[in-house]
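The values are calculated or read from the model by the stated rules, or taken from the named source; none is laboratory data. Computed from a predicted structure; not experimentally measured. Cβ placement follows ideal geometry from the backbone for every residue including glycine, while neighbour counts extend to all protein chains displayed.
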Amino acid sequence: MKVALVGIGKIALDQHVPAISNSPDWDLAATVSRHGSIDGIEAFTDLGTLLDTRPDIRVISLCVPPVPRFDYAMQALAAGRHVMLEKPPGATLAECHALERAAQEAGLSIYATWHSREADMVGAAKAWLADKTLRKLTVTWKEDVRRWHPGQAWIWEPGGLGVFDPGINALSIVTEILPVDIHVTGAMLEIPQNCQTPIAAELRFHHPAGADVSGVFDWRQDGDQIWEIEAITDAGTLTLRDGGALMEIDGVISGEAAPLAGEYPRLYAKMAELVSRGGRDMDLRPMTLVTDALALGHRVQTDPFND
Ligand code: NAP
């Protein structure tokens, strides 16, 4: 299938282009970006022209930041194209619901991707937890924003999510591996004086069986980067490390320490499968947790952030 990539920036170049190039299912037929392009691939600077002139490209994969994503996605759906969405699938839940409705009415596929759910050990963690009684779950997601998001102004603007831009990856794993739904009961958000979004956050959750569920997210981490989820159960302790690439159960480690490896190839394989059977996948639970944290959050002003 021919696919066009929209928004040729960091994640498009780091992950989407290699995943598409190495896939037997996909042919990168064009790009849409105001400034970016890829050698040897037809480049457009606006989506409308691509949609009008390349009816053979049936799938549009959106790698732009969350705020501009809705307009691009609606335009693609209105032109009869299947749509793949980077995470988070929109800037607001209402946008995501509107996209899902539009895709359904048009009989098109739409896929709200959560790349961290495709990390190597997430499936095994879900299977192990399925018949255990959870007592406590702790998310620790601490990374250096300067290292992973250099010069990205949009993450600090309204709709940019701040530390929840990576933090939503943790929540996408938690909502996948737990057999029950949780919801946010309280949040503390640290917001730099000169920014609109949090640089750090602490969350507490309600778990239907009373387990103690919480998360700490921080974008000011020097040294080792930590992407961990620890689940203490009646039958031992499971820890996902390196964003789900490694799993430790009571001291026994499985997996290889290679964050992101395999995640995007699996997303594109799933998109191929969705398109071939006319399916849609819009799980909005990770985004609901983040928007609820922003709704309930107690805000504390902190030092200005300068990139
Ligand atoms: P990015 O490099 O800052 O942006 C991607 C491209 O989007 C830009 O190069 C820009 O290309 C285009 N764009 C269109 N409208 C824009 C606007 N209003 N403001 C800024 N850029 C705009 O971002 P990214 O890191 O690739 O992230 C894009 C999405 O992927 C985000 O939702 C993010 O959460 C997700 N993601 C990122 C990572 C990561 O490690 N960076 C990992 C996984 C997922 P033109 O100027 O050429 O149009």
Restricting to segment 138-166, what's the tally of residues that are closer than 19 Å to L240 by Cα and either surrounded by fewer than 22 Cβ atoms within 10 Å (Cβ to Cβ) or more than 9 Å from the ligand (Cβ to nearest atom) (or both)?
-> 7
Candidate set: segment 35-56, residues that are among the β-branched types (V, I, T) and either crowded, with 20+ Cβ neighbours inside 10 Å or within 16 Å of the ligand (Cβ to nearest atom) (or both); chosen: the one farthest from E273 (Cα to Cα) = T45
Candidates V32, V67, V83, V6, filtered to the one that is surrounded by fewer than 20 Cβ atoms within 10 Å (Cβ to Cβ), within 22 Å of the chain's Cα centre (by Cα), at pLDDT 95 or above and within 15 Å of the ligand (Cβ to nearest atom) = V67
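Results for (1) surrounded by 15 or more Cβ atoms within 10 Å (Cβ to Cβ); (2) more than 24 Å from M282 (Cα to Cα), shown as yes or no for each residue.
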{"position": "H183", "(1), (2)": "no, no"}
{"position": "E190", "(1), (2)": "yes, yes"}
{"position": "Q196", "(1), (2)": "no, yes"}
{"position": "A201", "(1), (2)": "yes, yes"}
{"position": "T233", "(1), (2)": "yes, yes"}
Could you look through segment 87-137, keep only residues that are within 16 Å of the ligand (Cβ to nearest atom) and aromatic (F, W, Y), and pick out the one that is surrounded by the most Cβ atoms within 10 Å (Cβ to Cβ)?
-> W114
Residues being surrounded by fewer than 17 Cβ atoms within 10 Å (Cβ to Cβ) and of a type in the set (G, A, S) - total across segment 244-268 | 6
Please name all residue pairs, on different chains or six or more residues apart, with Cβ atoms under 7 Å, provided the first residue is in segment 52-69 and is outside the structural domain of K10 (by TED's automatic domain parsing) and the second residue is modelled with pLDDT of 95 or more.
-> none
Please specify each residue of segment 167-196 satisfying the condition of being free of Cβ contacts under 8 Å to residues at least 60 places away in the same chain and either more than 25 Å from L137 (Cα to Cα) or within 12 Å of the ligand (Cβ to nearest atom) (or both).
-> Q196
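For the subset of segment 159-190 comprising residues that are part of a helix (DSSP H, G or I) and of a type in the set (V, I, T), which member is farthest from P304 (Cα to Cα)?
I177
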Scan segment 191-211 residue by residue and report those that are touching a Ser or Thr at 6+ places or on another chain (Cβ under 8 Å), assigned to a strand (DSSP E or B) and of a type outside the set (K, R).
-> I191, P192, A200, E202, L203, F205, H206
State the number of residues belonging to segment 89-110 that are touching a Ser or Thr at 6+ places or on another chain (Cβ under 9 Å) and closer than 30 Å to I229 by Cα.
-> 3
Counting just the residues of segment 9-29 that are of a type in the set (S, T, N, Q) and not in a loop (DSSP other than H, G, I, E, B), which one comes out nearest to the ligand (Cβ to nearest atom)?
-> Q15
Looking at segment 111-150, which of its residues are assigned to a loop (DSSP other than H, G, I, E, B) and of a type outside the set (S, T, Y)?
-> W114, A119, D120, M121, A130, D131, K132, E143, H149, P150
